[in-house]
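Peer 1: I have a structure here, written as C-alpha cells, and I will follow up with some questions on it.
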Amino acid sequence: MKIKFLTAVFALILLAGCTQKPKEEQLPEMIDRALNVSVQHALKMAEKLAVQDSVLPRSFANGELVLSDSRWWCSGFFPGVLWYTYEYSNDAKLLEYAKLFTARVEREKYTTDNHDVGFMLYCSFGNGLRLTGDTLYPEVLLTGAKSLSTRYKPQVGLIKSWDSNPDKWQYPVIIDNMMNLELMIWATKTSSDSTFSEIAFSHADKTIENHYRPDNSCWHVVSYDTITGVPHVKQTHQGFSDESAWSRGQAWGLYGYVMMYRETGSASYFEQAQKVAQFLMNHPNMPADGIPYWDFNAPGIPNEPRDASAAAIMASALIELSGFTQGDESKQILAFAEKQLRTLSSPQYLANPGENGDFILMHSTGSKPHNSEVDVALTYADYYFVEALLRLKKLQGIK
Ligand code: GLY
C-alpha cells in the first residue's frame, strides 16, 4: 500500500516536471546571444567579400549568395550591419570592414534617378559618422541629400520615388520613401539650410493625407498628377492587391513616423505612429509570434510566407515608440517588440554562424507578386534586427 502511494506521488512529481514550461531566457541574455551571433555572421560575410571589388551582399536564396553593386537600393545595409556590430563589440576588425564596405557605397551620393539615396547613405555613412565622427563623411551625406532633393517638385510637395512605368504612374511615391527623410533632416541640422527639412515635412504631411486609409493601413504606391498635385492612382507593387496591407510597407510607414516624431516633436507624426502601431499589433492576421505574413491580406493565410524583415523594422520602430509613449500603451508596445525579437532570436529565424550564407536572419520576403526573394535571407532584415536589439539593450540600460 505504502509503495503504491509512494509510486503515485513520484509519478505525479515527474508529470508536473514534464508539463512545466521551460524557463524563458532572460532578456539581457537573449539580446547578448543574438548580438554575438550577429557579430559572427557579420565578420564571416565581410571576410569573404572584402577580397572582391565593389560587391555588397543582397540575399541568400536557394543555397546561393546573391551580391549587388552599390546601385541596388540595399547597398547601405551591410555597411550598416558592420557599424552596428562594431558598436556592440568594439571589435577592431569590424571597424576596418565597416569603413571598407561603407566606401563601396560612396558613389551613390550622386544618385538622382531614384529615391533610395537615404537608405544607401544614412545606414552606411550616417552610422559611420555617428560612431567615428569621420570628417570626410558629412560631405558624402550632404551631396546625397542634394541629389535626393532634385526629386522633389514643389507643385506636388513630395519626393518622387521611381521614374519607371510613366504610362501607369505620372509621379509615383511609395510608402518606403518615408525612410529617406532622416537624411534630409540631418542635412538641415548640419548645413542650416532649411530646404532639406522643409521637403521632409511636406513629404511626411502629404503622405499622411494621401497614403493612409481610414483603418490606418496604407497603400504602397500613390501616384500624383503633376499638374494638379492630387493623387491620380493608388495601387500596390509588392503587395497582394491594391487594397491590401503589404506588411513591409506598413512597417516602413511606422518607422518613418516614429523617426519624424523624434526629429520634430510634431503631434501629428506622433499620432500617426501610434495609429499605425495599433493597426499592426491588433491585426487579426498578425500571428501570435509577432512575425507578419508578407501581406496582411494574403489569400492563403495561414499558409503564406512570413516576412522577417517587416518584423525587424516594426520591432525597431516600436522600441523607439515605446520610449515616447506612457503607461499601459508604452508597456503594450514594448512587450510586442520584445515578443518579435524573441521569435527572431529563436532557431526558427536566427541562423547558426556559418549557415544561411552568413546572413543573420532567415525567412524574409522581398516581392511575392514578382516571385522574387520569397522566404530568403535579406540584408535589410539583418540591419533592422541588429538595430532593434541595440535599441532594446539601450532602453533597458543593459551594460
Ligand atoms: N523598398 C523596397 C522594399 O521594401 O522592398
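Bear in mind these aren't lab numbers, they're just calculated from the coordinates by the rules spelled out. The structure presented is a predicted model; accordingly, all values stated were derived computationally and were not measured. So basically every Cβ, Gly included, is an ideal-geometry build from the backbone, and we count neighbours across all protein chains shown.
Peer 1: Would the stretch 131-193 count as rounded, prolate or oblate if I go by the C-alpha gyration tensor, calling it rounded below 1.5 in a/c and otherwise prolate when a/b exceeds b/c, oblate otherwise?
Peer 2: The shape class here is prolate.
Peer 1: Taking the Cα atoms only, what angle lies between the long axis of helix 327-344 and the longest principal axis of the chain, rounded to 10 degrees?
Peer 2: Helix 327-344 and the main axis of the chain meet at about 80 degrees.
Peer 1: Next question, about the same structure. Per DSSP helix of 4 or more residues, -39500 (n - 2.57); summed, then divided by the residues of the chain. What does that give at 222 nm, rounded to the nearest 500?
Peer 2: The helix-only estimate for the chain comes to -16500 deg cm²/dmol at 222 nm.
Peer 1: While we're here: Give me, ordered by chain and number, the residues 5 or more places off Lys153 or on other chains with an amide H under 5 Å from its own placed amide H.
Peer 2: Leu158, Lys160
Peer 1: Right, something else. From the phi angles alone, apply the Karplus equation (6.51, -1.76, 1.60; θ = phi - 60°) to the stretch 195-207 and give each ³J(HN,Hα) in whole Hz, x where the residue is Gly or Pro.
Peer 2: Those phi angles translate into 4, 4, 6, 4, 4, 4, 5, 4, 4, 5, 5, 5, 5 Hz.
Peer 1: Shifting gears a bit: Name the residues whose placed amide hydrogens come within less than 5 Å of the amide hydrogen of Val173, ignoring near sequence neighbours (fewer than 5 apart) on the same chain.
Peer 2: Ser161, Val222, Ser223, Tyr224
Peer 1: From the phi of every residue in the stretch 290-302, what ³J(HN,Hα) in whole Hz does the Karplus formula 6.51 cos²θ - 1.76 cosθ + 1.60 yield, where θ is phi - 60° and glycine or proline is x?
Peer 2: Each residue of the stretch 290-302 in turn: x, 9, x, 5, 4, 9, 5, 10, 4, x, x, 3, x Hz.
Peer 1: Treating the Cα atoms of the stretch 220-371 as identical point scatterers in vacuum, please give the log10 of the normalised Debye intensity I(q)/I(0) at q = 0.12 Å⁻¹, two decimals.
Peer 2: Normalising to I(0) and taking log10 leaves -0.55.
Peer 1: What is the P(r) of the chain, as percent of Cα-Cα pairs per 10 Å bin from 0?
Peer 2: Percent of pairs per bin, in order: 5, 23, 33, 25, 8, 3, 2, 1, 0, 0.
Peer 1: Oh, and also: Against the longest alpha carbon principal axis of the chain, how many degrees, from 0 to 90 and to the nearest 10, is the axis of helix 137-149 turned?
Peer 2: 70
Peer 1: Can you spot the lysines whose alpha carbon is less than 24 Å from Lys339's alpha carbon? Ignore those fewer than 8 places along the same chain.
Peer 2: Those lysines meeting the cut-off are Lys21, Lys23, Lys275, Lys331, Lys393, Lys394, Lys399.
Peer 1: A further question on this structure: Grab every C-alpha pair in the stretch 337-396, bin the distances at 10 angstrom width from 0 up to the longest one, and report whole percents.
Peer 2: Computed distribution, short to long bins: 22, 49, 25, 4, 0.
Peer 1: Assuming R0 = 30 Å, what is the FRET efficiency of Thr190 and Gln326, from their Cβ-Cβ distance, to the nearest 0.05?
Peer 2: 0.40
Peer 1: Also: Under a 5 Å amide H to amide H cut-off, with H placed in plane at 1.01 Å, what residues pair with Arg58 once short-range neighbours are removed?
Peer 2: For Arg58, whose amide H was placed from the backbone, the distant partners under 5 Å are Val66, Leu67, Ser68.
Peer 1: Shifting gears a bit: Could you give me the ³J(HN,Hα) list for the stretch 176-184, computed from phi with Karplus coefficients 6.51, -1.76, 1.60 and θ = phi - 60°, whole Hz, x at Gly and Pro?
Peer 2: The phi angles translate into 3, 4, 4, 6, 7, 6, 4, 4, 5 Hz.
Peer 1: Same structure, new question: Evaluate Rg over Rh across the stretch 216-272, taking Cα atoms for both radii and Kirkwood's formula for Rh.
Peer 2: Using only Cα positions, Rg/Rh for the stretch 216-272 is 1.05.
Peer 1: Okay, next question. So how tilted is helix 27-50 from the main axis of the chain? Cα-based, degrees 0 to 90, rounded to 10.
Peer 2: The two axes meet at around 50 degrees.
Peer 1: Mind pulling up the Rg/Rh value for the stretch 38-181? Radius of gyration and Kirkwood radius, both on Cα.
Peer 2: Working: Rg = 16.1 Å, Rh = 15.9 Å.
Using Cα coordinates only, the ratio equals 1.01.
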